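Here's the structure, in C-alpha cells; my notes come after.
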Amino acid sequence: MLTDTEYTALTATEIATAVCAGELSASETVEAALRRVEQRDGDIRAFCETWPDQARRAAAHIDAQVARGIRLPLAGTPIGVKATEGVSSFQSERLMAAGCIPIGSTSVPNRTAGWQTFGHTDRGPTTNPANPEWSPGGSSAGSAAAVAARMVPLATGSDGAGSVRIPAAWCGIIGFKPTNGLLPARDAAGLNTPGPLVRTAADAAAYLEAVTGTSHLLNSSPTRCTVAWSATLGFADVHPSIAQTAYDAFQSLVEVGLALPVDVDIALHDPAPAWSVLRRGMDRPHMVTELVSDNHQRLDEIFRSVDLIATPTTPYPPHGHDGPGDHMSVALTWAFNISGHPAISLPAGTTSRGEPAGLQLIAGHKADDLLLRIAADAAFACPDLGLSQRRT
C-alpha cells in the first residue's frame, strides 16, 4: 500500500511514471489523496467538496487501461479542480484524458462579498498552509492550498489578473500563466487564462503538454537568460521586505549563472483603469486605448533587449482573513494579463518575519517553454528557493 509519507513526496510526473510501470495503481494514489484530504483539510478548508466515489471509479478505469497496455502521460494523478470551472472545463477535460483524477472542487472567493482574495467554503475561509492566520491568496485559493499542503500534486486554476500567480507566491509553490490565447480564455475579454498550481516545473510542463497536445519537454542542459529586474514595474507600491526577498531570489539565479542581469528601464503605466474597462467589456475610452498601446510598445522594446523580466509576484506579504484593505495584490501581475505574456511565480523564500514571497518571471509571447526551463534549472541549482531539486 502507498503510505502517506510516500504519497506526499511524489510529484504528478512521478506518480504517472510509477502507475504506467505497474509500480503503483491509480486506486492507491486516489486512496492516499483522500486520506491526506481527511487529515489536513479540516483546518485548511482547501476543498469545497470531495468526490470519492467518482474518483474511485475513475481510478479503476485507469488501472484497467494500464493493464491493457495504455500509457497515459498523467496516469493516476489526483488533482483538485477550481470550483468555478468544474470537470467540464477545457483544461479539466484535457487533464482527465491524460489520466488525471479529480478528487474534489477547490475553493474560490465568495462572489457576494465584494472584492476578496481568499477562498470561501461553507466551513469557513481557506487558510494558508504556512500559517492559518494568513490568506492563501486568490482567486485560485483552494487549489494553491491543496497543492502546498500536499493533498494533491496538481490543481487547476485560472488567472485573469494574477489569480494563479498570487496564491502560488503566498503558498510557496509554482503558479504558471501560459501565453494568453494558447488555451481557451475563461472570459470574453481574453484576460483570464487557465493555468496550473504545482510544486515542480516538470509538472507544469506535463500540464501544458496535456492541455495543448504538444511537447514541452525540459532541456537537460541549463538555460541562461538575459533578465531585466524591476521591483515596481515603474508604478507599483511594493513593501521593502517583499522586494528584497524577491530580489535575493533573483540574485540566486544570477549567482549560479542562470540569469544574466541587464540594466533596462522598465516603466509601464499602471494598468488598473485599462483592466477594469477590458474585463467589463465596455467601450474603450481613448485614454485606455493609448495606455494599452503604449504598454505594449514598451514591453516589445524590453523584450528586444532581454529574454525575461523579473519582479516580485505580489507587492505585499499575505494578508489576514479580513481582506487586503487598500493593498492591490494584483499590482505586479495584471499588466501581463492585458499584454498576454506568459508568466510564472516561483517560490522566493520568506521575509525576516517568515512571510512567503514569490519571484515572478515574464517571457516574450509564446516563450512558455523558456519559463519552464529556467524554473526547472532553478530547482536544481537553487534549492534554497524552496523548489524541488528533482529534474525530471
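The values are calculated or read from the model by the stated rules, or taken from the named source; none is laboratory data. Just so it is clear, the model here is predicted, and its values are computed rather than measured. All Cβ positions, glycine included, derive from the backbone under ideal geometry; neighbour counts span all protein chains shown. Accessible surface areas use protein heavy atoms only, side chains included; no ligands, DNA or RNA. Shrake-Rupley method; radii C 1.70, N 1.55, O 1.52, S 1.80 Å.
The C-beta contact set for segment 164-175 (first residue more than 14 Å from Tyr316 (Cα to Cα), second residue modelled with pLDDT of 95 or more and assigned to a loop (DSSP other than H, G, I, E, B), distance under 6 angstrom, 6+ apart or interchain) comprises Val164/Ser140; Ile173/Arg199; Gly175/Val164.
Close Cβ contacts (under 7 Å, 6 or more residues apart or on different chains) running from residues in segment 59-82 that are in a strand (DSSP E or B) to residues that are open to solvent by 50 Å² or more (accessible area, probe 1.4 Å) comprise Val81/Val87. In summary, Ala189 fulfils each of the numbered conditions (1) modelled with pLDDT under 95; (2) of a type in the set (Gly, Ala, Ser); (3) surrounded by fewer than 20 Cβ atoms within 10 Å (Cβ to Cβ); (4) out of contact with any helix residue (DSSP H, G or I) (no Cβ under 6 Å at 6 or more places or on another chain) with the single exception of condition (4). Looking at the structure I just gave you, is Asp384 outside any loop (DSSP other than H, G, I, E, B), of a type in the set (D, E, K, R), open to solvent by 10 Å² or more (accessible area, probe 1.4 Å) and at pLDDT below 95? When the stated conditions are applied, Asp384 passes them.
Of everything in segment 23-32 that is more than 24 Å from the chain's Cα centre (by Cα) and of a type outside the set (A, V, I, L, M), the residue that is most open to solvent (accessible area, probe 1.4 Å) is Glu23. Put simply, of Leu370, Leu346 the only residue that is touching a residue at least 24 places away in the same chain (Cβ under 8 Å), closer than 20 Å to Tyr207 by Cα, open to solvent by 10 Å² or more (accessible area, probe 1.4 Å) and aliphatic (A, V, I, L, M) is Leu370. All conditions in (1) of a type outside the set (Lys, Arg); (2) open to solvent by less than 20 Å² (accessible area, probe 1.4 Å); (3) closer than 20 Å to Pro178 by Cβ; (4) over 19 Å from the mean Cα position of the chain (by Cα) hold for Ala97, with the sole exception of (2). When the criteria are applied in full, Asp326 fails the requirement of being assigned to a loop (DSSP other than H, G, I, E, B), open to solvent by 10 Å² or more (accessible area, probe 1.4 Å) and under 30 Å from Pro184 (Cβ atoms). Among all positions in segment 283-302, there is no residue which is within 16 Å of Leu361 (Cα to Cα), in contact (Cβ under 8 Å) with a residue 12 or more places away in the chain and open to solvent by 60 Å² or more (accessible area, probe 1.4 Å).
Looking at segment 141-171, which of the residues that are farther than 25 Å from Asp4 by Cα and polar (S, T, N, Q) is surrounded by the fewest Cβ atoms within 10 Å (Cβ to Cβ)? Only one residue fits best here, namely Ser158.
Which condition breaks for Ala272 when tested against (1) touching a residue at least 12 places away in the same chain (Cβ under 8 Å); (2) out of contact with any helix residue (DSSP H, G or I) (no Cβ under 9 Å at 6 or more places or on another chain); (3) open to solvent by 50 Å² or more (accessible area, probe 1.4 Å)? The failed condition is (3). With respect to being polar (S, T, N, Q), crowded, with 21+ Cβ neighbours inside 10 Å and closer than 24 Å to Glu355 by Cα, Thr200 fits the description.
Matching residues to (1) acidic (Asp, Glu); (2) open to solvent by less than 50 Å² (accessible area, probe 1.4 Å); (3) over 27 Å from Phe118 (Cβ atoms); (4) under 21 Å from the mean Cα position of the chain (by Cα):
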residue	(1), (2), (3), (4)
Glu14	yes, yes, yes, yes
Ala21	no, no, yes, no
Leu34	no, yes, no, no
Gln39	no, no, no, no
Ala67	no, no, yes, no
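In this structure, does Thr245 turn out to be modelled with pLDDT under 95, within 24 Å of the chain's Cα centre (by Cα), farther than 30 Å from Glu93 by Cα and open to solvent by less than 60 Å² (accessible area, probe 1.4 Å)? So Thr245 does not fit the description; no.
For segment 41-52, state whether one or more residues are under 12 Å from Arg150 (Cβ atoms) and out of contact with any helix residue (DSSP H, G or I) (no Cβ under 7 Å at 6 or more places or on another chain). Yes: segment 41-52 contains one or more residues that are under 12 Å from Arg150 (Cβ atoms) and out of contact with any helix residue (DSSP H, G or I) (no Cβ under 7 Å at 6 or more places or on another chain).
When Thr214 is tested against (1) among the β-branched types (Val, Ile, Thr); (2) within 16 Å of the chain's Cα centre (by Cα); (3) open to solvent by 30 Å² or more (accessible area, probe 1.4 Å), only condition (2) is not met.
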